[in-house]
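For reference, the structure discussed in these notes is given below.
The values are calculated or read from the model by the stated rules, or taken from the named source; none is laboratory data. Model, not experiment: these values are computed from the prediction. All Cβ positions, even for glycine, are placed from backbone atoms using ideal geometry, and neighbour counts span all protein chains on display.
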Number of protein chains: 2
Amino acid sequence: MAKAVTVTSGTLRPRPLSRTLLFALIPTAVWFLLRPLIDPTPPMPALHACVGFSILAFLAALHLVPALGGIFVQANLKGRDLLKTYDDPVPESLGLVCASIYILLLIVFIPFAFSDFFAHQQQQPRKIREGIVVSEFPHQQLSVYLSSILSLLIATMLGFLDDVFDIRWRHKIPIPIIAAIPLLLVYYSEGGKTDVVVPIPLRWLLGSLINLGPLYYVYMSLLSTFCTNSINILAGINGSEVSQALIIALSVILNDLLYLPWPFGFRIPLYLLGRPTGVEVGGVWSAGMAYGSRELVERHLFSLYFMLPLVGVCAGFLYHNWYPARAFPGDTLCYVTGMAFAVVGIQAHFSKTLLLFFLPQIFNFLLSCPQLFGLVPCPRHRVPRFDPGSGLLHTSHAAFKDHPPSRLATLALRALAILGFVQLTEEPSTGRIVETTNLTLLNVLLLRFGPMKEDSLVKMLIGSQVAGSALAFVVRYGLAGLVYDGNRR
Amino acid sequence: MAKAVTVTSGTLRPRPLSRTLLFALIPTAVWFLLRPLIDPTPPMPALHACVGFSILAFLAALHLVPALGGIFVQANLKGRDLLKTYDDPVPESLGLVCASIYILLLIVFIPFAFSDFFAHQQQQPRKIREGIVVSEFPHQQLSVYLSSILSLLIATMLGFLDDVFDIRWRHKIPIPIIAAIPLLLVYYSEGGKTDVVVPIPLRWLLGSLINLGPLYYVYMSLLSTFCTNSINILAGINGSEVSQALIIALSVILNDLLYLPWPFGFRIPLYLLGRPTGVEVGGVWSAGMAYGSRELVERHLFSLYFMLPLVGVCAGFLYHNWYPARAFPGDTLCYVTGMAFAVVGIQAHFSKTLLLFFLPQIFNFLLSCPQLFGLVPCPRHRVPRFDPGSGLLHTSHAAFKDHPPSRLATLALRALAILGFVQLTEEPSTGRIVETTNLTLLNVLLLRFGPMKEDSLVKMLIGSQVAGSALAFVVRYGLAGLVYDGNRR
């Protein structure tokens, strides 16, 4: 309460930046960037460079977001914070700054990703120039990189256009499909496999492998649509978009790390889940879940190269987007982060695992469906309602004003009410539903745990995202063994 | 005069669109797109598809520019036409629509560019699936495509950011270098040659080939900087930017056509230039300047794939940008077209020939240097001055207000005055220069040919661009023989 009053009275100044952090992190980043050049070369030199770039991404986001905020306000990219008592304009679409830093660093990183090739070339320069055998540049990997960056850039562009022109949401839905075209093309050109392993219980019917063919491409473009839009619709309070992206990216990174060739053996204790042996590790590439498969290691390295700098920019941005927000992400951030997840899911071939990290988003999307598809009225904003007196957020409501709820809508809402996901207001005489709480995860949290402050709600959202990821790991490495044999996907 | 009055009195309505043209061109485009599928397959199927896409690009630009103009005005992307008597807001940055159409069609075109590969794969599906020999997708070419599109998209993005945030020109200069990074990377990964053929008169000193090494990359990034910025500074009157782009693109196309394997022999009559035989044509790939080199044909096909749709969007946009303009291109158009030229110049290896098509831009840039580098004062706008009474454009002036011209500035301006490129105003008593006409090609034209209407000036600009291209062809295919042997570059 006291805090809310303090914010109300003061003008909204940018958060202070620590110079100590800057001067401590710059040398660290430089060390990571230079480490691959020092003998003995580390086993994964590009990963070191990537960590260096990610620290730079963090610092750049941390410092550029407040520095450029004024320019965004001048260019009319600003908004009022709906859940506050003050009217100060907050710069909007700062996700563009994050996306620019992210994509620029990814482009500059490309040569590092191919450092293996360059190092090899330097070792035997004579042989290459004179002999017939020309050392072959891994063009295939390069086109994977380029198409991924292209997709990210299209997503950024479209997100920013959305912010500038305020595109209607029905027109927005197909946008990520356009952005995914380069991805799908390269997937095809790679001779992309469209076979899917059939879960054990269904094998009597479908066999152990099923070739989805063109349907697989439909699945992948839907994946990119889902990843971008699902973050976008679980938004509305300070820090919600970027914290979701941050937790998902960290979960993907944790999953990737399992597949790296660690110098020490490790096991995932799965005996709790009914399998006594744990996952066997080791092989040519030492430890890790890659079981000695160079391809798996490379795929997860690729994923790390895209996820680590994303964590950098998201963490830097979250500092300014945290309650009370000094900068808004705009749709740009949702688009670029969502597309980044789709990129790694598709290119590193772990789209099913990826979707497990989207549990809160899937829940929020399924819950939102009646409103998204017009069964229940959908107001312009579904964010929680702010009570200026108490400084607390309450559930927001959608009223059936124009027409009474259809039979299907009544059925759906009553079912959701039984599950405790909505609260209904009924006409006392007829028992007809006249109002429902909005169908979002945020409203469900407010309904379950009562009115709370905005920062408590975002912390609870982060908590549910973390819990979702923990559950995802259990499902992926525990239960998957019950429906799939092997762990290759 | 009468016309100017008409325009003044009416409100600025979009130009009418011909439905006949639409209904005539759509089937034409579809025919070109489907033609490669009909037996007998044409020798260059992708080129047919490209022509089809270019017609679609023309139609899309023609119809989307007026349709989206209102949205741009709403989003505050609008400007007043400085050289008109009316105050109607004209939508600005419509180059974004052109760039979006262009890039989207280029992305959709990618599979067509590889139709050779797909056709080949279809012919022998059994062999590929069963045998050990996997037909190899041309990943190298794909990465060339992807990096080119990536560069175009970065240029678009940066151009649009420039329009939204109004970046200062000193900050703008390095922007195209960033956009060129993907191009240069792929050039390098291709094992890009950095050798330059030395002109005959210098061979006694340097040998016949000189390896520029990293300098060649500097040259290429400067090329992209020059191509984008030089179109941007020769701007300011209705239709100037897009007509330059159109003529240059057409010149590149004409040059490309010389290298295609035509079914009939042809010669370029060079006897006028002192070489009696003309250029020999023919070889494996029939006629054309490629002399049977498949590589040369493919390079110029690549160039055509990028230039034909560019001509489409530019022609469609010019209709609305023509005097009196209904839409402004913004920096976006200059950036994307300039980058498109840099892309084909670099990737199809004819950067020197390309620069010859930029003769008016080179002249304008060299002439502008004293103002760009602060020797002579540079006002915010250097566009010609509009006289509302007569409706004519007059030369605009830059005055030495703060300080008298330096000795170097005086020398430069006097030299330019002798050449007839500027008109100086002197203080009668001391003879000191107090004012000069602005150092642009447009002012030179007004100085030489007297005040004229805006559309006459843009026609004269187009004329000089066409004359420049004609001269370029004479130099390239006539005089180049005097300093270079062979015609491979």
Residues located in the range A:353-384, provided they are under 16 Å from A:S396 (Cα atoms), hydrophobic (A, V, I, L, M, F, W, C) and in a loop (DSSP other than H, G, I, E, B)
A:V376, A:C378, A:V383
I need every pair where a residue in the range A:386-402 that is in contact (Cβ under 8 Å) with a residue 60 or more places away in the chain has its Cβ under 7 Å from the Cβ of a residue that is among the β-branched types (V, I, T), sequence separation at least 6 or different chains.
A:P388/A:T85
Evaluate the following for A:R380: is it surrounded by fewer than 12 Cβ atoms within 10 Å (Cβ to Cβ) and farther than 30 Å from A:D81 by Cβ?
no
Within the range B:255-276, is even one residue in contact with a strand residue (DSSP E or B) (Cβ under 7 Å, 6 or more places away or on another chain), at pLDDT below 85, away from every other protein chain (no Cβ under 14 Å) and farther than 30 Å from B:D455 by Cβ?
no
Say whether the condition of being within 14 Å of another protein chain (Cβ to nearest Cβ) and surrounded by fewer than 17 Cβ atoms within 10 Å (Cβ to Cβ) is met by at least one residue in the range B:195-211.
yes
Which residue, of B:L150, B:L158, B:L105, B:L146, is closer than 26 Å to A:I71 by Cβ and modelled with pLDDT of 90 or more?
B:L150
Output the qualifying pairs, or none if there are none: Cβ atoms under 7 angstrom, residues six or more apart or on different chains, first residue in the range A:421-447 and free of Cβ contacts under 8 Å to residues at least 12 places away in the same chain, second residue in a loop (DSSP other than H, G, I, E, B) and surrounded by fewer than 16 Cβ atoms within 10 Å (Cβ to Cβ).
A:E426/A:R432
Scanning the range B:28-78 residue by residue, those within 14 Å of chain A (Cβ to nearest Cβ) and among the basic types (K, R) turn out to be B:K78
Condition (residue is in contact (Cβ under 8 Å) with a residue 60 or more places away in the chain, more than 21 Å from A:S230 (Cα to Cα), away from chain B (no Cβ under 11 Å) and not acidic (D, E)) applied to the range A:168-177: is it met by at least one residue?
no
Are any of the residues in the range A:185-202 under 30 Å from B:L161 (Cα atoms) and of a type outside the set (G, A, S)?
yes
Could you tell me whether A:A340 is under 19 Å from A:A46 (Cβ atoms), assigned to a helix (DSSP H, G or I), hydrophobic (A, V, I, L, M, F, W, C) and in contact (Cβ under 8 Å) with a residue 60 or more places away in the chain?
yes
